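To start, the structure itself, in structure tokens.
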Amino acid sequence: QVQLVESGGGLVQPGGSLRLSCAASGFTVSSYAVSWYRQAPGKERELIAAMARDSRSTKYADSVKGRFTISRDNAKNTVYLQMNSLKLEDTAAYYCNGGWNWGIYGWGQGTQVIVSS
């Protein structure tokens, strides 16, 4: 059974940084594309970052390009999202999953990011 456990969210001021982690079990992150999503209150969940299986290709939503970086540690079977220069509009629940265009597994509980002054 696949489990995805996101962590690292919190309250941060505009311009600050956070690193989110996603510990995976039940699937090997090195064998699949991996991706991050977010869902703001009242909005649909959106794909914001993805990394191909070979780690050579990444893609980002225009709203986070240049500020967020997806990575993974195969030894720890964990996926990361480094978020810099955070903005108020980055406030959302963040989720990880396998897949390039959309999640291929059930969703974890997510981790909440609140950007506020």
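The values are calculated or read from the model by the stated rules, or taken from the named source; none is laboratory data. Source: prediction; values computed, not measured. Ideal geometry is used to build each Cβ from the backbone, glycine not excepted, and the neighbour counts take in all protein chains shown. The protein model used for the area step is the full one, side chains on, heavy atoms only, and it has no ligands, DNA or RNA in it. Shrake-Rupley method; radii C 1.70, N 1.55, O 1.52, S 1.80 Å.
Determine if segment 89-97 includes at least one residue that is open to solvent by 50 Å² or more (accessible area, probe 1.4 Å) and more than 16 Å from L4 (Cα to Cα). Scanning segment 89-97 turns up at least one residue that is open to solvent by 50 Å² or more (accessible area, probe 1.4 Å) and more than 16 Å from L4 (Cα to Cα). Selection of segment 107-117 for residues being under 11 Å from the mean Cα position of the chain (by Cα) and in a loop (DSSP other than H, G, I, E, B) yields only G110. Kindly check whether there is at least one residue in segment 98-106 that is assigned to a strand (DSSP E or B) and open to solvent by less than 60 Å² (accessible area, probe 1.4 Å). Within segment 98-106, one or more residues are assigned to a strand (DSSP E or B) and open to solvent by less than 60 Å² (accessible area, probe 1.4 Å).
The residues of segment 98-117 that are more than 14 Å from S7 (Cα to Cα) and not aromatic (F, W, Y), listed by number, are G98, G99, N101, G103, I104, G106, V115, S116, S117. The residues on offer are S71, S30, and the sole one that is out of contact with any Leu (no Cβ under 7 Å at 6 or more places or on another chain), open to solvent by 30 Å² or more (accessible area, probe 1.4 Å), in a strand (DSSP E or B) and of a type in the set (S, T, Y) is S71.
Of the residues D62, D54, the single one that is loosely packed, with under 14 Cβ neighbours inside 10 Å, modelled with pLDDT under 95 and of a type in the set (D, E, K, R) is D54. Taken over segment 38-63, the criterion of being charged (D, E, K, R) and assigned to a loop (DSSP other than H, G, I, E, B) is satisfied by K43, E44, R45, R53, D54, R56, D62. When G42, G8 are checked against the criterion of being open to solvent by less than 70 Å² (accessible area, probe 1.4 Å) and either more than 13 Å from the chain's Cα centre (by Cα) or not aromatic (F, W, Y) (or both), a single residue qualifies: G8.
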